[in-house]
Amino acid sequence: MDIEDHKKEFDKIVAKYHLFDEEKAEEIAHFLTTHKEGKISAKEFADLFAMKENEANIFLKFIEKGLNFKKQHVKN
């Protein structure tokens with residue numbers, strides 16, 4: 001999936017599950033930054049945030065793309 005299509009799917013998921021809500025966004029950020037078992041599975045994320053596994057996969061992959069872009073292009 002190209003980045004533009006991926007962003008559209010990501011935005012649909014955010015809207016569908018109201019992930020733009022400040023409390024929910026903080027909950028997700030906390031989970032992603034403190035997860036102790038390494039790579040987060042789409043199933044685990046889907047179960048925790050009550051969404052379909054394929055949507056969790058799209059959501060997590062988009063975040064991963066953003067982090068990879070930052071690593072490659074942004075200097076601290």
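No value in this document is a laboratory result; all are computed from the given coordinates. Only a predicted model underlies this, so the values are computations on that prediction, with no experimental measurement involved. Glycine gets a Cβ as well: all are built from the backbone with ideal geometry, and neighbour counts include every protein chain shown.
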- Item | Label of the coordinate-derived value, P(r) over Cα pairs in 10 Å bins from 0, in percent, listed as (i) 18, 51, 29, 2; (ii) 20, 51, 24, 5, 0; (iii) 15, 35, 39, 11, 0 | (i)
- Highest GNM mean-square fluctuation, the chain, Cα pairs closer than 10 Å: which of LYS61, LYS12, LYS39? LYS39
- Note on the structure: Taking 0.36 nm per residue of separation between GLU64 and LYS12 and subtracting their Cα-Cα distance, the length gained on full extension comes to 17.0 nm
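Calculate the dipole size of segment 3-73 relative to its Cα centre from +1 charges on Lys and Arg beta carbons and -1 charges on Asp and Glu beta carbons; express the result in debye to the nearest 20. Please list the in-between numbers first.
Details: 13 positive and 15 negative charges, 72 e Å.
Once rounded to the nearest 20, the dipole reads 340 debye.
How much FRET efficiency would the formula 1/(1 + (r/R0)^6) give for ASP21 and GLU44, where r is the Cβ-Cβ distance and R0 is 25 Å, rounded to 0.05? Walk me through the intermediate numbers first.
On the way: r = 21 Å, r/R0 = 0.83.
Calculated transfer efficiency: 0.75.
Per DSSP H run of at least 4 residues, take -39500 (n - 2.57); add these up for the chain, divide by its residues and hand me the 222 nm value, nearest 500 deg cm²/dmol.
So the calculated ellipticity at 222 nm is -24000 deg cm²/dmol.
At 15 Å minimum axial length over the Cα atoms and a Kyte-Doolittle cut of -1.0, report the qualifying DSSP H helices in the chain, or say none.
Values: long enough: 3-16 (19 Å, -1.07); 22-34 (18 Å, -0.60); 53-73 (30 Å, -0.80).
Helices meeting the criterion: 22-34, 53-73.
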